[in-house]
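> Starting off with a structure, shown below.
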Amino acid sequence: MLIPRTENLLEVRDLKVHFPVRGGIMGQRDLGSIKAVDSVSFTVRRGETLGMVGESGCGKSTTGLAILRMVDITGGSIILDGQDITNLSSAELRPMRRQMQMVFQDPYGALNPRLRVLDIVGEPLVAHGMAPSRPQLRLRVAELLELVGLAGNMIERYAHEFSGGQRQRIGIARALAVNPNLVVCDEPVSALDVSIQAQIINLMEDLQKELGLTYLFIAHDLAVVRHISDRIIVMYLGKIVEIASRDDLYSDPKHPYTQALLSAIPVASPDAEAERQLNLLEGEVPSALNPPSGCHFNPRCPMAHDDCTAREPDLEQQGNDHFVACHLHD
Ligand code: SF4
């Protein structure tokens with residue numbers, strides 16, 4: 001189905017990714033399903049960076065993989081640049097793959113250490129028929145290395161010869177090789193030293209401006225996405241609990257979970273740090289196989305009341321571009 005071109009590069013509507021769980025001898029017993037992503041809807045606007053944050057197991061990485069059609073989708077739809085890609089076959093999806101690429105979390109695991117940079121970065125160019133000859137391939141890979149701040153003459157080196165930050169630059173070069181519009185960045189700096197994280201985020205910002213890229217930037221804490229994001233989604237146990245512009249989210253967080261995540265970020269000024277009120281999250285994230293009734297956050301929420309176990313809150317608008325799922329704001 002073709003949809004008219006809009007300001008949104010990506011539309012995710014009511015996305016569900018459920019993983020069946022089986023038990024017993026030979027796995028014959030149906031134990032239900034893990035609702036890794038459950039009825040999630042959002043848009044990514046052309047040229048923006050949409051941050052996506054939540055603790056481990058909240059469904060953020062699965063959402064990223066579903067957008068790229070790298071996991072099976074249980075329900076809902078994904079519309080990329082006006083085209084519904086939810087049910088495209090692998091062959092139909094192939095040309096669309098050029099438009100969306102991924103930068104992975106672990107630059108050590110994502111790149112084969114025994115391959116040369118030429119082969120790592122050049123692989124998508126070859127796969128998509130974008131390197132008509134070997135000399136042209138070498139030229140393009142050298143160009144891409146320079147684009148991400150590495151020397152073009154490093155193309156013959158092996159991935160294991162590079163530091164973590166350099167490997168992530170190679171991962172970014174590989175993602176950009178086919179000129180994508182949308183880049184899904186799955187915790188791209190969390191495996192790196194803090195000093196290197198800022199360099200990689202600055203590089204990604206520069207590349208965004210230069211190439212007009214759109215990012216979905218996944219991270220597990222709000223400190224990392226603050227600098228780079230235009231808007232931010234907060235997820236908890238497979239659901240979106242809050243979406244807001246970056247400034248709104250940090251100055252006026254409305255969901256108790258967002259408030260707890262924000263209170264955990266240290267502040268640079270000693271005075272402000274002394275006044276910072278820690279709102280520590282208690283307990284673990286509950287099992288997604290058997291989530292709490294009503295609002296899934298209720299066992300950990302300091303503001304929970306009777307209504308919170310009885311019914312699930314909807315994501316409702318609470319201001320310009322600000323949406324929250326919490327009964328305190330009904
Ligand atoms: Fe807390 Fe209730 Fe709001 Fe959930 S709905 S976040 S339990 S106050």
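The values are calculated or read from the model by the stated rules, or taken from the named source; none is laboratory data. Everything numeric in this text was worked out from a predicted model, so none of it was measured. Cβ: placed from backbone, ideal geometry, glycine included. Neighbour counts: every protein chain shown. These area figures cover heavy atoms from the full protein model, side chains too; ligands, DNA and RNA do not enter into them. Shrake-Rupley method; radii C 1.70, N 1.55, O 1.52, S 1.80 Å.
> Once both axes come from the Cα atoms, what is the angle between helix 117-127 and the longest principal axis of the chain, in degrees from 0 to 90, rounded to 10?
It is inclined by approximately 80 degrees.
> Under the rule of -39500 (n - 2.57) per DSSP H run of 4 or more residues, summed and divided by the residues of the chain, what mean residue ellipticity at 222 nm is obtained, to the nearest 500 deg cm²/dmol?
-9000 deg cm²/dmol, from helical runs alone.
> Given springs between every Cα pair under 10 Å in a Gaussian network model of the chain, which of Gly238, Gly76, Gly54 has the largest fluctuation?
So, out of Gly238, Gly76, Gly54, the one fluctuating most is Gly76.
> Hey, in the GNM for the chain with a 10 angstrom Cα cutoff, which one of Ile73, Ile25, Ile265 fluctuates hardest?
Comparing Ile73, Ile25, Ile265 in the GNM, the peak value goes to Ile25.
> Which whole-Hz ³J(HN,Hα) couplings does segment 80-90 yield from phi under the Karplus relation 6.51 cos²θ - 1.76 cosθ + 1.60, θ = phi - 60°, glycine and proline marked x?
10, 6, x, 10, 6, 9, 4, 10, 5, 6, 4
> For segment 1-123, with the dipole built from +1 on Lys and Arg beta-carbon atoms and -1 on Asp and Glu ones, taken about the Cα centre, which of Thr63, Tyr108, Ser89 lies farthest toward the positive end?
Value computed over the given set: Tyr108.
> Once you keep just the Cα pairs under 8 angstrom separated by 6 or more residues, what percentage relative contact order results for the chain?
Rounded, it is 19 percent for the chain.
> Any idea what the relative contact order of segment 1-145 is, in percent, if you count C-alpha pairs under 8 Å spaced at least 6 apart?
24
> Additional query: Using a 1.4 Å probe on the protein heavy atoms, what percent of the accessible area of the chain belongs to carbon and sulfur?
Carbon and sulfur: 49 percent of the exposed surface of the chain.
> OK, next. At 4 °C and 1.567 mPa s, what whole-number value in µm²/s does Stokes-Einstein give for the translational diffusion of segment 1-148, with Rh from the Kirkwood sum over Cα pairs?
The diffusion coefficient I find is 72 µm²/s.
> Defining a contact as two alpha carbons under 8 Å apart and six or more residues distant in sequence, what relative contact order in percent does segment 174-330 show?
Relative contact order here is 18 percent.
> How much accessible area does Ser90 have with a 1.4 Å probe, in Å² rounded to the nearest 10?
So the heavy atoms of Ser90 present about 100 Å² to solvent.
> If you don't mind, there's one more thing I want to ask. Just how far, in whole angstrom, is segment 102-173 from segment 42-66 if you go by their alpha carbon centroids?
After rounding, the separation between the Cα centres reads 25 Å.
> For segment 180-267, what D do you get in µm² per second when you plug the Kirkwood radius from alpha-carbon pairs into Stokes-Einstein at 37 °C and 0.692 mPa s?
Using the Kirkwood radius from Cα pairs, D works out to 236 µm²/s.
> Near the amide H of Thr49, under 5 Å away, which other amide H atoms are found, from residues 5 or more places off or on another chain, if H is placed in the peptide plane?
Amide H neighbours of Thr49, under 5 Å, 5+ apart: Tyr215, Asp230, Arg231.
> In addition: With springs only between Cα atoms under 10 Å apart, run a GNM on the chain and tell me which of Asn320, Asn202, Asn181 wobbles the most.
Of Asn320, Asn202, Asn181, the most mobile in the Gaussian network model is Asn320.
> What ranking, highest mean first, results for peptides 287-295, 36-44 when packing means the other Cβ atoms within 10 Å averaged over each residue?
36-44, 287-295
> Please report the orientation-averaged projected area of the chain, defined via the convex hull of its C-alpha atoms, in nm².
Projected over every direction and averaged, the Cα hull of the chain covers 20.0 nm².
> Okay, moving on. Compare Met303, Met100 by solvent-accessible area with a 1.4 Å probe and give them largest first, with all protein chains kept in place.
Met303, Met100
> Within 15 Å, Cβ to Cβ, of Pro135, how many net charges do the neighbouring residues add up to if Lys/Arg are +1 and Asp/Glu are -1?
+1
> So, one more: Pairs on different chains or at least eight residues apart, Cα atoms closer than 17 Å: how many lysine pairs in the chain fit?
Total qualifying Lys-Lys pairs in the chain comes to 7.
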